[in-house]
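Down below is the structure, laid out as structure tokens.
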Amino acid sequence: MSDAVLEVRDLRIEFGARTAVDGVDFAVRPGEVLGIIGESGSGKSSVALAALRMLPATGRVTGGAVLLRGTDIAALSENELRDLRGGEIGLVFQDPMSSLNPMLSIGRHLDEALRAHGKGSAAERRTRATELLELVGIPDPERRLRERPHRLSGGQRQRVMIALALAAEPAVLFADEPTTALDATTAVGVLALLKRVARELDTAVVLITHDIGVVAATCERVVVMRTGRVVEHGAVEDVLLRPQHPYTQGLLAAVPRLDTPLPKLSGMDRSTEPLLEVSGLSKTYRGRHGQRFTVLDDVSLSVRPGETLGIVGESGSGKSTLARAVAGAHAATAGALRFRGEELTTKRSAELRRAIQLVFQDPYASLHPRMRIGTALEEPLRAHGLRDRRARADRVVELLREVGLDPEVSRRRPAEFSGGQRQRIGIARALATEPDLLICDEPVSSLDVSVQARILDLLVELRERLGLTMLFISHDLAVVRQVSHRIAVLYSGSLMELGPAGALTARPLHPYTVTLLSAAPSPDPSADRRPEELLLRGEANGQPARGTGCPFANRCPIGPVVRDDRGICRDRRPELSEHEPGRFAACHFAGSLTRPMIEESA
Amino acid sequence: MTVVAVAVPAQRRTGVLRSARARVALGVVVVLGLAGAFAGLLSPEDPRAQTARLLTGPSGAHWLGTDELGRDLLSRVLHGIQVDLVVGVAGVAVAGLLGVLAAVLSARWAAADVVAQRVFDVLLAFPSLILAVAVAAVLGTGMVSITVAIVLSQAPICCRVVRAGLLAQRDRDYAVAARLSGVGPWRVLLRHLLPTALDALVVQLVLSLSTAVFLEGGMSFVGIGVRPPDPSLGNILQESVQYLTVRPSFVVGPLVAITALVLGFTVLGDALNNAARRGGSQA
């Protein structure tokens, strides 16, 4: 590949005695988007750092070379390296919040980057900065230049990061998990931008990600990495549609998809009274300057015994607030919760505490770092009156077996476990009291895809075996669809749509559900699933316009922004009403925006 | 389906003694600690015994010389170190205990928090030496007053350090998880929150020791601490300063001892702090 701008040849990187990258080869041409995909620990980020000679002090390149236009970057001097970093090679990180200095305006950030690479006078730099912001799709760039990062939403910050990386007109742009911290509807726009950058500026883009959907939507070629080695390399269509290596096949099989047949879920009892009833639940916080933030706005729903209700929403939708209110971690501002007809408050009887348990999102934060696993699992048992030491120890063994862990591990501390294993421990702790209702708050979002699939299987299996009722919360519609009987879609604190999982994902009634579905990354690169009109304008910023209208009005693809005759969306708030038996939506024009790509499979 | 847990190699705990500075500081503190503990055995003479050899310089018989009453300075400095360490350790230990107690009560009951914090606000508003004058006015001079002054000035700081640690963790997922699984509030506080909060306290206790030495020096120097003829680093220093022009070497012994103690504890506290932060980020 003689026209490649960046070439990595047989690269080997060691951290101490551990080989992190072992013989990686790839090349990128100008204008091409190359994806590097791998799970945590695959060495994908080390490759990017090595290309910039930015490996941490413990890491060393022990073999191979990184060639930029044929020049080995290992041979560059410190001065030449400075021109390389942010000059020839730009870098975009995962977290746009911590990568921008909160004290400096966007203009200062850009000016600094331009000046560092000797781009013209102050006035010229200013003009260039405005152009850059326009290029990355930030509206009103003149005003934005004067503002500091906190005024921007997550997606806009990531766009600014890309503008910064592009300031010196790099030949190669490395983007390390650029959309991982963003909502799906926001990520779509950022990925489209990266694609446009490659096409219009002829930049070679290297996109590093764990998300196959991101690669499928953006890249032309893909490198699949596992434990430091390239297991597969080729055109996206070939690798993702006809994977050769068993690892790639397994990875693809593990990705939850929206277009696969729904698994048969059993066990829902339709006749009996609801186990959990949420009626008119609201939660508002008071801000520092007295303003009120409504994070949950008049949400009503019910869960029947044996049912799994999925709750989907982006960040700021109030889904975790709902979960924690039901779990009793905090009180709601208004509305009521009933469990078997009994009122639920934060002060609960031991019996209610036993019956409702929560699995946390982050298995690293939810276990006490110093407490042995056995002790952590014993605590709820002791708290619920199991006095006998032996009985407790037996139950701990049983719990560990239940979640697929060796009972021997009970003397270990959390640091000795992987993320997936810790999540199993978190589930075991929630099951310790034999709950009736298990709330899972994003239980798999921080896990690798293959681990994610196993934890989901475990949850489904436990649900069937123990007859659990579940509230399953996630931002990922494809995950929720796999495990839920019914799905509730939340948007900025309001319930938008509620219905059976199959029907809701196949024929969504609410335009927001439609946009969520079209933004959901699919591992199928051939699917042209993103008609332009479904790209959302703006993004949820946690402070929706409160008032009389529909909370989604300003971003709705069929709302007043697009169609002048739909003033009603701004004037009158749509009630949640039943459009088909068992299907509810809060929209004046429910069902008018359809998405025929996915066949109903339930 | 049994998944066997694979042990992640335990990260080597980065110790306190990683830096040379910390090792030197620990050495200084240990040497001075031993010197204070065995002052009686190490002293060549009775620190209160007066002789006719007044204000002599260092010599084979008196390594640090003698003071204005002909007493052996080495013996006096050694006993002075002992006094400083006794009031320091006693005062700081009591301050630490009171601090933990107040912090735990504050974290448990909002009302206790309000009361404790306002009382501590008042105590912290006074410079420690002014506070010490007030204590001496009530209790008279002597080792007990110094200890009380150390407690009053350090307990609020200890309390704040522990309280901050408790509050910072209270809304962490693991604490919420414990509460939701039915664990009682006391047990959450003592088993889940307190152990981590105590890390910071250890650092604070060592730093408080250096303040304690400083406070003893200050109180005795202005005459409201340990009264002569009993030796303490503060009052030896005070006497030596009067003869600074006549016998400059007089000042060396007490000055070096105070400086070494304060510096040793401060540097050691810093090192502990760094180690706790490194360890904390791994945990």
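The values are calculated or read from the model by the stated rules, or taken from the named source; none is laboratory data. Just so it is clear, the model here is predicted, and its values are computed rather than measured. For neighbour counting, all protein chains shown are included, and Cβ atoms are generated from backbone atoms with ideal geometry for every residue, glycine included.
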Scope segment A:16-33; condition buried (at least 16 other Cβ atoms within 10 Å of the Cβ) and assigned to a strand (DSSP E or B); matching residues: A:T19, A:A20, A:V21, A:D22, A:V24, A:F26, A:A27, A:V28, A:V33
Criterion (in contact with a Ser or Thr (Cβ under 7 Å, 6 or more places away or on another chain) and of a type in the set (A, V, I, L, M, F, W, C)) met by exactly one of B:A155, B:A212, B:A177, B:A168: B:A177
Output for segment A:508-542, where each listed residue is modelled with pLDDT of 90 or more and in a loop (DSSP other than H, G, I, E, B): A:P508, A:L509, A:H510
Among (1) closer than 21 Å to A:P523 by Cβ; (2) touching a residue at least 24 places away in the same chain (Cβ under 8 Å) - the single one A:T203 does not satisfy: (1)
Hits in segment A:287-312 - residues which are in contact with a Phe, Trp or Tyr (Cβ under 8 Å, 6 or more places away or on another chain) and either modelled with pLDDT of 90 or more or surrounded by fewer than 17 Cβ atoms within 10 Å (Cβ to Cβ) (or both): A:G287, A:R292, A:F293, A:T308, A:L309, A:G310, A:I311
A:E131 being in a helix (DSSP H, G or I) and either more than 26 Å from A:A48 (Cα to Cα) or touching a residue at least 24 places away in the same chain (Cβ under 8 Å) (or both): yes
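Which members of segment A:408-445 meet the condition of being hydroxyl-bearing (S, T, Y) and within 11 Å of chain B (Cβ to nearest Cβ)?
Matches in segment A:408-445: A:S410, A:S418, A:T433.
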Qualifying position, being farther than 23 Å from A:T180 by Cα and within 14 Å of chain B (Cβ to nearest Cβ), among A:R401, A:R486: A:R401
Those residues of segment A:436-469 which are assigned to a loop (DSSP other than H, G, I, E, B) and either within 16 Å of A:S40 (Cα to Cα) or of a type in the set (A, V, I, L, M) (or both), in sequence order: A:V444, A:S445, A:S446, A:L447, A:D448, A:L468
Per-region count, segment A:216-231, residues more than 20 Å from A:V205 (Cβ to Cβ) and in a strand (DSSP E or B): 3
Filter pass, A:R395 being surrounded by fewer than 21 Cβ atoms within 10 Å (Cβ to Cβ), of a type outside the set (V, I, T) and at the interface with chain B (Cβ under 10 Å from one of its Cβ atoms): no
Of residues in segment A:134-144 being in contact (Cβ under 8 Å) with a residue 12 or more places away in the chain and in a loop (DSSP other than H, G, I, E, B), the one surrounded by the most Cβ atoms within 10 Å (Cβ to Cβ): A:V136
Test: residue in segment B:181-200 that is surrounded by fewer than 24 Cβ atoms within 10 Å (Cβ to Cβ), away from chain A (no Cβ under 14 Å) and assigned to a helix (DSSP H, G or I): yes
Subset of segment A:223-255 (residues that are in contact with a helix residue (DSSP H, G or I) (Cβ under 6 Å, 6 or more places away or on another chain) and of a type in the set (K, R)): A:R226
Which listed residue, of A:I439, A:I487, is over 18 Å from A:P263 (Cβ atoms) and either at pLDDT 90 or above or not acidic (D, E) (or both): A:I439
Residue count for segment A:146-167, restricted to those that are crowded, with 20+ Cβ neighbours inside 10 Å and farther than 21 Å from A:T186 by Cα: 1
Qualifying residue in segment B:159-172 (condition: within 14 Å of another protein chain (Cβ to nearest Cβ), touching a helix residue (DSSP H, G or I) at 6+ places or on another chain (Cβ under 7 Å) and of a type in the set (S, T, N, Q)): yes
Cβ pairs under 9 Å, 6+ apart, first in segment A:283-307 and over 23 Å from A:L468 (Cβ atoms), second surrounded by 16 or more Cβ atoms within 10 Å (Cβ to Cβ) and among the acidic types (D, E): A:K283/A:D297; A:T284/A:D297
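Check whether at least one residue in segment A:92-102 is of a type in the set (F, W, Y) and within 29 Å of A:R115 (Cβ to Cβ), and report yes or no.
So far as segment A:92-102 goes, yes, one or more of its residues are of a type in the set (F, W, Y) and within 29 Å of A:R115 (Cβ to Cβ).
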Some residue of segment B:113-125 being in contact with an Asp or Glu (Cβ under 9 Å, 6 or more places away or on another chain) and not β-branched (V, I, T): no
All positions within segment A:279-302 that are β-branched (V, I, T) and in contact with a Ser or Thr (Cβ under 6 Å, 6 or more places away or on another chain): A:T284, A:T294, A:V295
Some residue of segment A:239-251 being part of a strand (DSSP E or B) and either among the small types (G, A, S) or over 21 Å from the mean Cα position of the chain (by Cα) (or both): no
Selection from segment B:230-241 of residues that are closer than 15 Å to B:R71 by Cβ and out of contact with any Ser or Thr (no Cβ under 7 Å at 6 or more places or on another chain): B:D230, B:P231, B:L233, B:I236, B:L237, B:E239, B:S240
Residue check for B:I130: hydrophobic (A, V, I, L, M, F, W, C) and crowded, with 21+ Cβ neighbours inside 10 Å: no
Leading residue by the ranking (nearest to the chain's Cα centre (by Cα)) among those in segment A:338-383 that are surrounded by 15 or more Cβ atoms within 10 Å (Cβ to Cβ), more than 7 Å from chain B (Cβ to nearest Cβ) and assigned to a loop (DSSP other than H, G, I, E, B): A:Q361
Filter result for the condition that a residue is part of a helix (DSSP H, G or I) and either within 15 Å of the chain's Cα centre (by Cα) or surrounded by fewer than 24 Cβ atoms within 10 Å (Cβ to Cβ) (or both), over B:I236, B:I258: B:I258
Hey, B:A137 surrounded by fewer than 14 Cβ atoms within 10 Å (Cβ to Cβ), of a type outside the set (S, T, Y) and in a helix (DSSP H, G or I) or not: yes
